[in-house]
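The values are calculated or read from the model by the stated rules, or taken from the named source; none is laboratory data. This structure is a prediction, so every number in the text was calculated from the model and none was measured. As a convention, Cβ positions derive from the backbone with ideal geometry for all residues, glycine included, and neighbour counts pool all protein chains shown.
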Amino acid sequence: MTPLPRALCRALAFASLACNAAPLTAQSPDQAALIKSAVALDLDGHYPEARADLSKAIDLAPTDSAKARARRTLAVSYAFTCDVGDAARVEHQVIDASIAARDYIGAADVDNELARILLECGDVTHALDTYRAGHDAALRAPTLSDSARDLWNFRWEHAQARIAARRGQRADAMQHVAAAKAILDTGTNPDQVHFFPYLTGYVALYTGDYKTAISDLQRADQRDPFVLSLLAQSYERSGDKAQAMIYYRKVLALDNHNPPNAFARPLAQKKVSGS
């Protein structure tokens, strides 16, 4: 796939959606424009140029809260190429600022974002440590409701199940899957139910049960590029290359700029260009 010219990427940037969770607090027009430009550049594979724009956007912001969006977008840029050291460096700047401000939920959200980057880039041990840090940070929130506590416990079990699966520890993974399901069954977080087929499909894929992976992932969010990538990989490993290519192309039709697409898009580009 031939990258688009830089000028065209900048022109397209203003039509691109950046899906990071960090708010646009106190963004200047120049900073917002740089972030939008960087998103388009990343999606087309112009990573050094994207990171240069994001570094400028960070420098323009007067406070840590104003820098947070650009820093998290920069971390996603590093996730596209699995530069986990650089991703961790900028994510920790956001985490540390959140902890200093006693925004424990904000810190926990970014811990989980970083942990997912580490996991999908193959650093399983540090991913586990970072997910644990996020869980612990969330539980420090002084006004945490029972449903919010259940949410963070569900996320922790979800993470441990995926990590066990990546380690090939099926029995441990299934224990954490069962624990996650038990939390969902309390009914305190109905909006999390749609994440469960993604979990069971993920565990099935990485423990070699491709039939179950396909069945479960087809019930997960079909607008999520990472789910589509997992489906493609499940079909590919089960020997159905034609169906795998259909899902890799579906990934490329999405323009999300977030960790799920940072993991999915480069693999899909590689598979489609080599087909």
> Quick one: which helices (runs of 4 or more DSSP H) sit completely within region 88-186 and have at least 1 residues that are farther than 30 Å from residue 61 by Cβ?
Replying inline: 124-139, 146-166, 170-184
>> I'd like the full set of residues that are of a type in the set (Gly, Ala, Ser) and either over 30 Å from residue 144 (Cα atoms) or surrounded by 23 or more Cβ atoms within 10 Å (Cβ to Cβ) (or both), limited to region 201-230.
In response: 201, 204, 208, 213, 215, 229
> In this structure, does residue 196 turn out to be at pLDDT 95 or above and closer than 20 Å to residue 172 by Cβ?
Replying inline: yes
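Yes/no matrix, rows are residues, columns are (1) surrounded by fewer than 21 Cβ atoms within 10 Å (Cβ to Cβ); (2) among the polar types (S, T, N, Q):
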residue	(1), (2)
162	no, no
166	yes, no
174	yes, no
181	yes, no
184	yes, no
189	yes, yes
196	yes, no
199	no, no
>> Given the criteria part of a helix (DSSP H, G or I), under 30 Å from residue 272 (Cα atoms) and touching a His at 6+ places or on another chain (Cβ under 6 Å), does residue 231 qualify?
In response: no
